[in-house]
Structure formats: structure tokens, C-alpha cells
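**Student:** Quick one: the structure is below, and I'll ask about it shortly.
The values are calculated or read from the model by the stated rules, or taken from the named source; none is laboratory data. Model, not experiment: these values are computed from the prediction. Heads up, the Cβs are rebuilt from the backbone with ideal geometry, glycines too, and the neighbour counts pull from every protein chain shown.
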Amino acid sequence: MSLSLGLSKRYEKSEALLKRAERCIPLGTQTFSKSYLQSPRGVSPQFLTKGKGARVWDVDGNEYVDMVCGLLPVILGYSDPDVDQAIRDQLARGISFSLATELEIQLAEKLTEILPCAEMVRFGKNGSDATSAAVRLARAVTGRDRIACCGYHGWQDWYIGTTVRNKGIPDAVCKLTHRFPYNDLDALERLLVSHPKQFAAVIMEPMNVDWPAESYLPGVRELAHKHGALFVLDEIISGFRFAMGGAQELFGVIPDLAAFGKSMGNGMPISVIAGKAEYMRVMEDIFFSFTFGGEALSLAAALAVIDKLEREDGIARLRMKGERLNDGVRDLIQEVKMQDYIQLKGHPSWTIIEFSDHPLASKEAMKTLFILEMQKQGVLIRSSHNICLALTEEDETHVVSAWEKFLLVLAEELDKKHDIPLENRLGCDLVRPVFSVR
């Protein structure tokens, strides 16, 4: 019997809306990671109608504890009263103006106070705006073209050309960006030596799945400078989550430039490139300019988010909530002896769930079953625990209980030792990665 049998009725409105969307929107959504590619189609919610705190509701009326948090920007929770009030107050005064507003100065001054690398800042809307600005700026400063990268850095040509989703990107552009593995200084040095005096920047996520080895991040900075490149941290996720000043504050390593975004707007579109004044002033000579760079609602929201995180010791509370949740889940994984196949990795406020192939089930099949079962139990989740400040102990208990039910179903399915592989018993397509590296 199919493990997803009967679930389609639970999501009838979602599926109808998806079919309607596909007629006028490629993939039926604006974001790959929010598409049906990341949840089993026909047996999953595809559209949400509202959110409050750490909970969301889909178009079919189903309620979930949301462990996705909009792909990490929702750090305080949905409909946060302080942020919403700041937006309403600014809305009454205006959204976009014909000249700059004082909000731009207020937020810039605040950021230069709390971000270790920030002597000057410029605003964007998406993370890709900020990372791509850093790359262009590094090229302008150094007069070089090549980029070394480690992590995910957005949709722009200079980065996405390193993945299999590189259609439409000139081969000459793809060849200018080179990947290097995390926690491996020797590999980075070999890369930089292979193209002497050609690298403009070494850009990386300071932490993703794995914690940095001791002296690794300072070592990357030292190698970048040794070879004449700028050291750039992509703090789109880690900023305002690992520490108020991001991972650079947490790990004590100050980059030349850094990109921030996601959490600082609690869902409003805003990003930042920050850095040393000697480099940032070069932005006056490159073109990083767009109509909505100073859009006022997002600036007001960001000021409210930062104020609340500081006022309510938000960073420490996020970490505590994540640690408590992870401890409960790890105990359950140990109980069913699946610790070799399911691991929680990374920072407590952004914990990656890593599945590995089991002799009786592929990692893709286990992840798909995980998403199905968690949704059945009222938890919206993908590949990580994305913690928001509004997550209550009741919510945490709900998530742990859902994990327990999933693990029991998985253990039961694996114990049956079917001749039919798990992926063929699910009754739905497997969830696949949005892209992989070339």
C-alpha cells in the first residue's frame, strides 16, 4: 500500500492552485526552493494563506509549525507586532520617494555599530544583490577577474555558473569562478597558486553544515591576502542569527567585505553589503544602483528587527531553542539506531538535517518520507530546523513528537525488508536537490 495514500484529499485546493499557477508562472512559483520540486507533488501543501508566530496555515486550512520560516528570513516570527507596527507607521508616511530618506542613514549607522567589518554599507533587496556587489567591488578594487567560492551565493551568473543550472550563462563567465572545499586550507592554496595574481576575491559562507576547524577562517583570510585577493564573507544566513554581528563576531574573524540579508528584515526584502571604507568608497565608481534600494518599509522593518533582537536577547534565545529541540530529536534518532543515517549538523539556530543512504532505502526516499510524515503531523519542514524567536516550548514539543512518529514509521518500513524499494512504496515522486555543483 502506498505510504501517501489518501493524502491528496488533504491538499486539493493546493493542487488546484498549482495547476492554475503553472499556466502563467514557470514552475508555478517564484522560488525554486518553494516549488513542488521540494515537496512531493499532489500530497503536499503548495500554497499558504497566513502566518502567526511560528505557525502557518495552507489554503486547505491545515495548520503547521513552520520550520522553514520563509527560507530563513522570518527570524522573529510571522506577524511580529513590533515589526508590523514599524511597517504600518512608515506606510502612513510613504514607501518609495524621489530622494533618499533619513531611514537610510539611521540603519547604516546602526549597522556600522554592530557589524565588525562595517565601516560603510549599501542596501540591496536579495542576498544575490549583496554577494554580487561584493564580487563586482572586489574585481574593481583588485583589477582581477577570478573568484574562489565556497557555499551557496545566489542566482547571479558569476556563481550559478558553477552548478548544473548554468543554462544561459556564457562559458567564459563560468570559467572565472572556482569552488574550493570547506575546512581545507591546502586545497584553497592550491587553487590560488594555480592562477597566480588572478583572483579578485575569496568568498565563502563562514559556516554551513560543518563548524569551522580552529584557525580555518583566519587561515582563509590570510591566504586571500597573501595572494592579493579580498576576503569576503557571505553572511546572508549567519548574519543576525549566529550573533548580532554574524559569524564574523562569533568566530572573531573580520573580512574585507560581507553580505547580509534574510533575517534582518523578518520577511521584508532587504540585504546589505558592508565593509571597510577604503573598499566601499569604490562603489561610487561602480554601478550598484536600483530604484528600490532605499525602499522605506524594509528599512523601517530592519531597524525594528535589530532593536527587538537586542532588547530581548534574541540571539541567545534562538540558540537555546535550537539546542533544546535538537537534543530531543537526537535522543529519538539514537533510540531507533538511525544515527548513522540521519544526523543533525550545523548551528543550533539553523540545523541541517542530513540523510545518508541506508541498505534498504536511499537518502532521497527517506527525506521524502520525512517531509510527508512531518506534514501529516502538522510540521512544515524541508532540510533544516530554521528557528524563529516565536517558537514556543509547545511548538518544540509538537515538532519532537512529529519526529518520533516519522522515525517509528521509517523503522517499521525498514524492518519489513520489502522486495520493493522504499522509494517505490511512497506513491509519489522523490524530493530532489534544486541543483548540484558541476
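**Student:** Which count do you get for residues in the range 187-227 that are farther than 19 Å from Trp158 by Cβ and of a type in the set (Gly, Ala, Ser)?
**Tutor:** Total meeting the criteria: 4.
**Student:** To continue, here is another question. Give me the pairs, please: first residue somewhere in the range 206-232 and outside the structural domain of Ser194 (by TED's automatic domain parsing), second residue anywhere and modelled with pLDDT of 95 or more, beta-carbon distance under 8 Å, and either six or more positions apart or on two chains.
**Tutor:** Filtered contacts from the range 206-232: no entries.
**Student:** Right, here's the next one. Please work out which one of (1) farther than 19 Å from Ser271 by Cα; (2) crowded, with 17+ Cβ neighbours inside 10 Å is the condition Thr131 fails and give its number.
**Tutor:** (1)
**Student:** Can you confirm whether the range 232-239 contains a residue that is in contact with a Pro (Cβ under 9 Å, 6 or more places away or on another chain) and surrounded by fewer than 24 Cβ atoms within 10 Å (Cβ to Cβ)?
**Tutor:** Scanning the range 232-239 turns up no residue that is in contact with a Pro (Cβ under 9 Å, 6 or more places away or on another chain) and surrounded by fewer than 24 Cβ atoms within 10 Å (Cβ to Cβ).
**Student:** Still on this model: Only one of (1) closer than 25 Å to Ser401 by Cα; (2) at pLDDT below 95; (3) among the small types (Gly, Ala, Ser); (4) in contact with a helix residue (DSSP H, G or I) (Cβ under 8 Å, 6 or more places away or on another chain) fails for Gly6. Which number is that?
**Tutor:** (4)
**Student:** Determine, yes or no, whether Val164 is modelled with pLDDT of 95 or more and not hydroxyl-bearing (Ser, Thr, Tyr).
**Tutor:** no
**Student:** Next question. What are the residues in the range 323-362 that are of a type in the set (Lys, Arg) and touching a residue at least 40 places away in the same chain (Cβ under 8 Å), if any?
**Tutor:** Arg324, Lys345, listed by residue number.
**Student:** Condition first: of a type in the set (Phe, Trp, Tyr) and more than 19 Å from Ile87 (Cα to Cα). Now tell me which residues in the range 265-306 satisfy that.
**Tutor:** Going residue by residue through the range 265-306, those that are of a type in the set (Phe, Trp, Tyr) are 279, 287-288, 290, 292.
Tyr279, Phe287, Phe288, Phe290, listed by residue number.
**Student:** Which one of the conditions (1) out of contact with any strand residue (DSSP E or B) (no Cβ under 9 Å at 6 or more places or on another chain); (2) part of a loop (DSSP other than H, G, I, E, B); (3) more than 27 Å from Val272 (Cβ to Cβ); (4) free of Cβ contacts under 8 Å to residues at least 60 places away in the same chain does Gly61 fail to meet, given that it meets all the rest?
**Tutor:** Of the numbered conditions (1) out of contact with any strand residue (DSSP E or B) (no Cβ under 9 Å at 6 or more places or on another chain); (2) part of a loop (DSSP other than H, G, I, E, B); (3) more than 27 Å from Val272 (Cβ to Cβ); (4) free of Cβ contacts under 8 Å to residues at least 60 places away in the same chain, the odd one out for Gly61 is (1).
**Student:** Under the condition of being surrounded by 19 or more Cβ atoms within 10 Å (Cβ to Cβ) and touching a residue at least 24 places away in the same chain (Cβ under 8 Å), which residue from the range 161-177 is farthest from the chain's Cα centre (by Cα)?
**Tutor:** Result: Leu176.
**Student:** Looking at Asp157 and the list (1) of a type outside the set (Phe, Trp, Tyr); (2) free of Cβ contacts under 8 Å to residues at least 40 places away in the same chain; (3) within 21 Å of His225 (Cβ to Cβ), which single condition is not satisfied?
**Tutor:** For Asp157, the exception is condition (3).
**Student:** Now for a different question. Give me the residue from the range 265-291 that is touching a strand residue (DSSP E or B) at 6+ places or on another chain (Cβ under 7 Å) and among the aliphatic types (A, V, I, L, M) and, out of that set, nearest to Thr131 (Cα to Cα).
**Tutor:** Going through the qualifying residues, I end up with Ile273.
**Student:** I'd like the full set of residues that are farther than 26 Å from Phe242 by Cα and part of a loop (DSSP other than H, G, I, E, B), limited to the range 81-132.
**Tutor:** Ala92, Arg93, Gly94, Ile95, Ser96, Phe97, Ser98, Leu99, Ala100, Thr101
**Student:** Which count do you get for residues in the range 232-245 that are within 14 Å of the chain's Cα centre (by Cα) and farther than 16 Å from Ile387 by Cβ?
**Tutor:** Result for the range 232-245: 3.
**Student:** Let me ask another. Within the set of pairs 6 or more residues apart or between chains, which connect a residue that is in contact (Cβ under 8 Å) with a residue 12 or more places away in the chain inside the range 65-93 to a residue that is aromatic (Phe, Trp, Tyr) and buried (at least 24 other Cβ atoms within 10 Å of the Cβ) with Cβ atoms less than 9 Å apart?
**Tutor:** From the range 65-93, the pairs are Ile75/Phe240.
**Student:** Same structure again: Take the range 412-431 and flag every residue that is surrounded by 14 or more Cβ atoms within 10 Å (Cβ to Cβ), in contact (Cβ under 8 Å) with a residue 60 or more places away in the chain and within 22 Å of Val336 (Cα to Cα).
**Tutor:** Hits for the range 412-431 are Glu413, Leu422, Glu423, Arg425, Leu426.
**Student:** Could we say that Ala140 is assigned to a helix (DSSP H, G or I), of a type in the set (A, V, I, L, M, F, W, C) and either under 22 Å from the mean Cα position of the chain (by Cα) or surrounded by fewer than 17 Cβ atoms within 10 Å (Cβ to Cβ) (or both) here?
**Tutor:** Spelling it out, Ala140 is indeed assigned to a helix (DSSP H, G or I), of a type in the set (A, V, I, L, M, F, W, C) and either under 22 Å from the mean Cα position of the chain (by Cα) or surrounded by fewer than 17 Cβ atoms within 10 Å (Cβ to Cβ) (or both).
**Student:** Could you tell me whether the range 20-28 includes any residue that is surrounded by fewer than 18 Cβ atoms within 10 Å (Cβ to Cβ), among the acidic types (Asp, Glu) and closer than 30 Å to Pro421 by Cα?
**Tutor:** No.
**Student:** Modelled with pLDDT under 95, of a type in the set (Val, Ile, Thr), more than 19 Å from Ser271 (Cα to Cα) and crowded, with 18+ Cβ neighbours inside 10 Å, is that true of Val43?
**Tutor:** When the stated conditions are applied, Val43 passes them.
**Student:** Next question. Can you confirm whether the range 195-216 contains a residue that is basic (Lys, Arg), under 25 Å from Arg136 (Cβ atoms) and not in a loop (DSSP other than H, G, I, E, B)?
**Tutor:** Within the range 195-216, the subset basic (Lys, Arg) is 197.
Cutting the leftovers down to under 25 Å from Arg136 (Cβ atoms) gives us 197.
This time we only want the ones that are not in a loop (DSSP other than H, G, I, E, B), so: none.
Looking through the range 195-216, none of the residues is basic (Lys, Arg), under 25 Å from Arg136 (Cβ atoms) and not in a loop (DSSP other than H, G, I, E, B).
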